[in-house]
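See below for the structure under consideration.
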Amino acid sequence: MKNDQTLGEILRQQGISRRGFLKFCVATASLLALPPGMVPAIAAALEKARRPSVIWLSFQECTGCTESLTRSDAASIEDLIFNTISLDYHHTLQAASGTGAEDARESAMKENWGKYVLVVDGSIPTGNPGYSTIAGISNVEMLMEAAAGAAAIVAVGSCASFGGIPHASPNPTGAVSVTDLISDKPIVNVPGCPPIPVVIAGVLTHFLTFGIPELDELHRPLAFYGKSIHDRCYRRPFYDKGLFAESFDDEGAKKGWCLYKLGCKGPTTYNACATTKWNQGTSFPIQSGHPCLGCSQPDFWDAGGFYHALSIPTEDTARTVLYGAATGVAAGLALGGLNRARKAHAARKHEKVTINDLEKGG
Amino acid sequence: MARTTLAEFAIEVGDAGTHNVQPLLHEIRHALAQLLEQGKETVIDLRSIPLAPGEEAAIEQALGEGEVRATLSALGPSDFRETSYPGVWVVTHYNRDDQIVGKFVEVTSAPALLRSQTEDIAAGLQRLEARLTQDGGGRVV
């Protein structure tokens with residue numbers, strides 16, 4: 001399939017009716033959190049859109065982001081990959097391997113220099129280059145080379161966006177995010193561990209229709225990360241009434257009360273989980289009775305414990321406050337109860353666990 | 001020893017919910033009045049509103065069943081259902097794997113996607129002409 005064909009031409013060739021195309025546009029408007037009145041504009045943009053070459057690089061990652069994308073229900077992954085984009089390189093999804101795979105990446109870069117979309121998942125180690133290599137090329141070298149010819153970069157997942165779990169203390173590989181290394185290209189961060197599949201698909205579709213979406217201070221698209229989980233949570237009325245679950249099996253938990261005291265990071269986490277939800281809109285963690293971990297926020301792994309209420313300070317207060325301010329959260333929330341004893345308690349939670357400890361536990 | 005069943009761990013929605021059901025019904029009422037007085041159509045994306053488990057069903061139950069139900073087959077099925085309030089439709093789009101990709105309340109005399117589209121009419125005309133030409137061995141005038 002040629003890359004110079006428009007999406008409208010491709011769909012017509014495949015026998016997709018105008019009705020089918022408009023239905024796709026309606027679903028896309030919903031996906032992009034755009035008002036339904038925008039459907040004609042989306043249809044006009046998609047009609048003329050040309051399939052961009054997409055090069056997907058995976059560095060220090062767990063493949064969870066790709067797993068998430070391949071379960072996207074936005075337009076079905078087949079439509080997204082084969083109709084909307086030209087996925088020219090992706091370790092996990094491509095059939096080619098070894099030299100053939102690397103040749104595909106190099107020729108796609110050469111043919112589409114300056115025009116392709118570079119998608120990155122995983123953080124980039126800046127310590128020993130040997131920590132993570134592809135075909136003998138270090139991650140940093142491959143990223144910088146591919147980024148030079150990219151029209152835009154999409155950092156998928158919290159690892160590529162903020163360093164993620166590899167970046168967690170003590171960060172043995174010197175893991176950093178894409179924005180830590182590159183500042184001369186448009187970069188869209190799509191954090192989450194993993195991100196919501198339709199959000200990944202939505203960002204790529206937005207790039208096709210209207211270009212780079214409007215972003216917040218952390219380079220996240222406002223359409224998906226503009227509101228906190230807390231603001232959109234159906235349990236919010238319980239928070240406002242002061243009705244909290246105190247443990248996972250008490251009456252409050254069974255009655256579906258607010259999970260704030262069980263460590264819910266919803267008030268400081270910006271993502272679309274509460275409305276878009278997961279598994280074809282079935283549910284999201286809070287609906288299933290588990291606090292939000294805050295996985296789309298920077299350094300969520302080092303935020304002082306998943307089951308500690310936000311009012312209990314972390315061991316790195318300065319960083320928490322900085323991120324809180326950056327995302328528009330009242331900084332006073334976390335500062336209220338600061339005291340040394342609690343800081344020491346939080347620090348203790350990060351003691352190293354030895355194999356002896358594990359054996360004792362068994 | 002009596003074993004705890006999964007049902008005992010079921011999480012209740014509670015009495016509070018989001019309180020979004022009534023306001024949404026009022027929004028539909030306003031939209032319906034606008035349709036009647038000004039001919040202005042409205043589409044409400046049910047996925048853009050925070051709803052507690054069961055509240056979407058509560059909205060559908062409140063709207064009830066009307067006289068018309070239609071199915072569209074294009075990139076997966078779509079279900080168009082007029083509610084007991086004429087002019088208020090619940091439209092659900094599915095993908096080819098029968099997963100919901102969008103759910104809307106459309107306040108209109110007929111959802112736009114139910115109408116034949118000009119491009120499809122033109123393509124259909126071409127196909128019919130080609131068939132008649134082939135069948136009759138001559139040119140359709």
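Worth a mention:
- When B:126, B:99, B:134 are checked against the criterion of being at pLDDT below 95 and surrounded by 12 or more Cβ atoms within 10 Å (Cβ to Cβ), a single residue qualifies: B:99.
To keep it simple, each residue is scored yes or no on (1) assigned by TED's automatic domain parsing to the domain that holds residue A:165; (2) touching a helix residue (DSSP H, G or I) at 6+ places or on another chain (Cβ under 6 Å); (3) modelled with pLDDT of 50 or more.
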position: A:264; (1), (2), (3): no, no, yes
position: A:272; (1), (2), (3): no, yes, yes
position: A:285; (1), (2), (3): no, no, yes
position: A:308; (1), (2), (3): no, no, yes
position: A:315; (1), (2), (3): no, yes, yes
position: A:320; (1), (2), (3): no, yes, no
position: A:333; (1), (2), (3): no, no, no
position: A:340; (1), (2), (3): no, no, no
position: A:354; (1), (2), (3): no, no, no
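- Check on residue B:94, buried (at least 18 other Cβ atoms within 10 Å of the Cβ) and of a type outside the set (D, E, K, R): yes
- In the range B:17-57, the qualifying residues are those that are among the β-branched types (Val, Ile, Thr) and touching a Phe, Trp or Tyr at 6+ places or on another chain (Cβ under 8 Å), and the one that is farthest from the other protein chains (Cβ to nearest Cβ) is B:28.
- Test: residue in the range B:37-46 that is in a loop (DSSP other than H, G, I, E, B) and of a type in the set (Ser, Thr, Tyr): no
- Residues in the range A:234-277 that are of a type in the set (Ser, Thr, Tyr), more than 11 Å from chain B (Cβ to nearest Cβ), in a loop (DSSP other than H, G, I, E, B) and in contact (Cβ under 8 Å) with a residue 40 or more places away in the chain: A:269 alone.
- For the range B:58-68, the criterion of being on the phi < 0 side of the Ramachandran plot, outside any loop (DSSP other than H, G, I, E, B) and within 14 Å of another protein chain (Cβ to nearest Cβ) is met by at least one residue.
- Of all residues in the range A:29-55 being part of a helix (DSSP H, G or I) and within 9 Å of chain B (Cβ to nearest Cβ), the one that is surrounded by the fewest Cβ atoms within 10 Å (Cβ to Cβ): A:37
- Beta carbons closer than 6 Å, at least 6 apart along the sequence or on distinct chains, pair a first residue in the range B:104-129 that is more than 8 Å from chain A (Cβ to nearest Cβ) with a second that is assigned to a loop (DSSP other than H, G, I, E, B) and modelled with pLDDT under 95 for B:108/B:41; B:129/B:140.
- For the criterion of being more than 25 Å from residue B:49 (Cβ to Cβ), among the aliphatic types (A, V, I, L, M) and within 9 Å of another protein chain (Cβ to nearest Cβ), residue A:16 passes.
- Subset of the range A:207-233 [more than 14 Å from chain B (Cβ to nearest Cβ) and not in a helix (DSSP H, G or I)]: A:211, A:212, A:213, A:214, A:215, A:216, A:217, A:218, A:219, A:220, A:221
- The sole residue among B:70, B:62 that is of a type in the set (A, V, I, L, M) and either more than 13 Å from the chain's Cα centre (by Cα) or modelled with pLDDT under 90 (or both) is B:62.
- Among the conditions (1) within 10 Å of another protein chain (Cβ to nearest Cβ); (2) on the phi < 0 side of the Ramachandran plot; (3) part of a loop (DSSP other than H, G, I, E, B), the only one that residue B:98 does not satisfy is (2).
- Total residues in the range A:287-301, condition more than 10 Å from chain B (Cβ to nearest Cβ) and either buried (at least 22 other Cβ atoms within 10 Å of the Cβ) or touching a Phe, Trp or Tyr at 6+ places or on another chain (Cβ under 8 Å) (or both): 10
- On the stretch given as the range B:39-86, residues that are surrounded by 18 or more Cβ atoms within 10 Å (Cβ to Cβ), more than 30 Å from residue A:236 (Cα to Cα) and small (Gly, Ala, Ser) total 3.
- Pairs where the first residue, in the range B:46-58, is closer than 14 Å to residue A:276 by Cα and the second is of a type in the set (Phe, Trp, Tyr), C-beta under 7 Å, 6+ apart: B:46/B:104; B:50/A:234; B:51/A:234; B:52/A:234
The values are calculated or read from the model by the stated rules, or taken from the named source; none is laboratory data. It should be emphasised that the depicted structure is a prediction, and the values quoted were computed from it without experimental measurement. Methodologically, a virtual Cβ is constructed for each residue, glycine included, from the backbone with ideal geometry; neighbour enumeration extends over all protein chains shown.
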